[in-house]
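Each value in this text was obtained by applying a stated rule to the coordinates, not by laboratory testing. Note that the coordinates shown come from a computational prediction; the quantities given were computed from them, not determined experimentally. Positions of Cβ are backbone-derived with ideal geometry, glycine not excepted, and every protein chain shown enters the neighbour counts.
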Amino acid sequence: MFTINENYLKLPGSYLFSTIGKKVAEYQAANPEKPIIRLGIGDVTQPLAPAIVEALHKAVDEMGKAESFHGYAPDLGYDFLRHAIAENDYKARGCDISEDEIFVSDGAKSDSGNIQEIFGMDNRVAVCDPVYPVYLDSNVMAGRTGVYREDKGCFDGVIYIPCTEENHFVPEPPKEVPDLIYLCFPNNPTGTTITKEQLQVWVDYANKNGSVIIYDAAYEAYITEEHVPHSIYECEGARTCAIEIRSFSKNAGFTGVRLGFTVVPKDLKCNGTSVRDLWARRHGTKFNGAPYIVQRAGEAVYSEEGKKQLKEQVAYYQRNARVIYDALKDLGYTVYGGVNAPYIWLKTPDHMGSWEFFDYLLDKGNIVGTPGCGFGNCGEGYFRLTAFGSYENTLEAMERIKKL
Ligand SMILES: Cc1ncc(COP(=O)(O)O)c(C=O)c1O
């Protein structure tokens with residue numbers, strides 16, 4: 001008789017967004033005339049920019065001719081894309097990252113879930129609380145944690161780093177030293193971020209203690225403030241302790257196209273073994289390359305036209321973020337995020353629980369958001385709204401909140 005990976009059984013109940021989906025479907029079935037505005041899931045709504053569409057068309061045409069057809073892509077990504085990434089995302093920012101340290105993939109979710117595979121099972125894992133659930137769940141599935149404690153709302157064997165109002169949602173290095181540290185800035189779900197000096201503290205801590213930082217910069221394009229680092233490699237010493245994960249989903253609307261990449265510097269070593277080489281081995285064995293068509297679309301993200309159009313696209317969502325932030329502030333809500341990120345993290349009014357506020361907002365305002373407690377214990381009493389809706393819906397949602 002076969003057995004299963006029992007680590008999967010440690011994962012509690014249903015996934016946050018399925019619970020939300022179920023609640024919204026029930027509400028809509030009971031109130032079919034109510035127009036619901038969805039500001040919950042972090043999915044983009046604007047169509048692909050013209051430069052991207054053009055690159056996709058061109059690549060499709062190439063695929064239709066014998067002389068320009070492409071089969072399997074190189075494991076680590078096409079040189080043209082890795083070159084564009086190295087030049088634009090790193091060299092242009094003064095970061096020392098070379099093309100052969102960049103691994104193209106089908107998105108940041110896969111990479112942030114898979115990266116743990118190349119580390120030992122006895123590594124202690126630290127995540128922020130609240131957190132993007134993939135970092136934690138992928139380590140649970142791998143067996144790197146103990147059981148889930150329903151009463152405490154956390155897994156045994158995990159180091160949770162609280163991100164609260166008191167520390168301005170900037171995690172502090174924990175006393176108990178972790179081996180793997182997941183950081184995400186600009187942050188999902190809080191929409192807050194970290195200064196270069198604060199990130200340098202983490203890099204120094206990791207180098208001193210022999211830890212690895214897995215740095216998720218999926219929302220880098222939303223940074224508006226000067227002192228906020230776009231990459232962890234802006235910090236001194238990051239090449240020996242940090243892996244960076246990036247996505248094309250939020251800067252270029254690729255949520256349905258699928259493209260991302262991970263940077264593993266050659267200087268990151270464990271007793272002489274190159275972590276970069278391990279990831280190359282893993283990538284080459286388990287991933288058969290992102291599609292040629294999609295990588296050409298990714299290259300167009302860095303063309304002059306692409307950059308111009310995507311700046312406008314990001315600015316569209318940034319304007320939504322500003323609308324939400326300002327409207328809630330004017331109404332007296334305590335609000336965070338929104339300045340360097342497409343997420344607004346608000347404190348629920350009158351000490352309502354996160355789910356209580358979810359039900360209230362759905363029922364009275366017909367607006368869907370995400371309960372903060374779905375991202376961890378420290379998210380209780382908070383609520384996430386996203387700037388990824390249309391401008392019109394965002395304005396309408398704020399009008400409705402004013403009338404609550
Ligand atoms: C922090 C973070 N990382 C990664 C992802 C997933 O990115 P991708 O679409 O590239 O898989 C998301 C998506 O919401 C995210 O919030």
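Points worth noting:
- Highest-fluctuation residue, ASN366, ASN167, ASN188 considered, GNM on the chain with Cα pairs under 10 Å: ASN167
- Phi-based couplings in Hz for the range 114-120 (Karplus 6.51, -1.76, 1.60; Gly and Pro marked x): 8, 4, 4, 4, 8, 10, x
- Max mean-square fluctuation residue, GNM over the chain, Cα-Cα springs under 10 Å, options GLN318, GLN46, GLN295: GLN46
- Note on the chain: dipole from Cβ charges, positive end direction compared against ILE102, GLN28, LEU278; the farthest Cα belongs to GLN28.
- Coarse-grained scattering of the range 81-214 at q = 0.15 Å⁻¹, given as base-10 log I(q)/I(0) from a Debye sum over alpha-carbon atoms: -0.83
- The order of the peptides 223-232, 334-343, 31-40 by mean Cβ neighbours within 10 Å, most packed first, is 334-343, 223-232, 31-40.
- Pairs of Cα atoms nearer than 8 Å and 6+ residues apart set the relative contact order; for the chain it is 23 percent.
- Ranking THR240, SER211, TYR292 by Cα position along the charge dipole of the range 52-304, where only Lys, Arg, Asp and Glu carry charges on their C-beta atoms, puts TYR292 farthest toward the positive end.
- Dipole magnitude (debye, nearest 20) for the range 52-304, charges at Cβ of Lys, Arg, Asp, Glu: 560 debye
- Mean Cβ count within 10 Å, highest first, over the residues of peptides 381-391, 273-283: 381-391, 273-283
- Taking amide H atoms as placed 1.01 Å from N in the peptide plane, the amide H of ILE161 lies under 5 Å from those of VAL127, CYS128, ASP129, each 5 or more residues away in sequence or on another chain.
- Listed by Cβ neighbour count within 10 Å, with the fewest neighbours leading, LEU81, LEU48 appear as LEU48, LEU81.
- Nearest-20 debye value, the range 183-262 charge dipole, Cβ charges on Lys, Arg, Asp, Glu: 320 debye
- Zone residues, the range 223-239, relative to LYS208, backbone N less than 17 Å from point 7 Å out along Cα-to-Cβ: 236-238
- Distant-in-sequence amide H partners of PHE155 (H built 1.01 Å from N, under 5 Å): ARG149
- Interatomic Cα distance distribution for the range 52-304, bins of 5 angstrom, percent: 1, 6, 13, 18, 19, 16, 12, 7, 4, 2, 1, 0, 0
- Taking amide H as placed 1.01 Å from N in the peptide plane, ARG38 has its amide H under 5 Å from the amide H of VAL368, each at least 5 places away in sequence or on another chain.
- Entry for the range 138-277 at q = 0.10, 0.18, 0.19, 0.21 Å⁻¹: log10 I(q)/I(0) = -0.37, -1.19, -1.29, -1.44, Debye formula applied to identical alpha-carbon scatterers, no solvent contribution.
- Residue with peak Gaussian network fluctuation, the chain [Cα springs, cutoff 10 Å], from PHE119, PHE69, PHE80: PHE69
- Among beta bridges that DSSP assigns inside the range 52-304, antiparallel share in %, nearest 5: 45 percent
- Between the listed residues LEU361, ASN377, HIS351, the Cα displaced farthest toward the positive end of the dipole of the range 305-398, a dipole computed from Cβ unit charges relative to the Cα centre, is found at ASN377.
- The range 341-404 pair-distance distribution - Cα-Cα, 10 Å bins, rounded %: 23, 55, 21, 1
- Nearest-20 debye value, the range 14-76 charge dipole, Cβ charges on Lys, Arg, Asp, Glu: 420 debye
- Expected-Rg normalisation [2.2 N^0.38 Å, Cα atoms] applied to the range 9-163: 1.44
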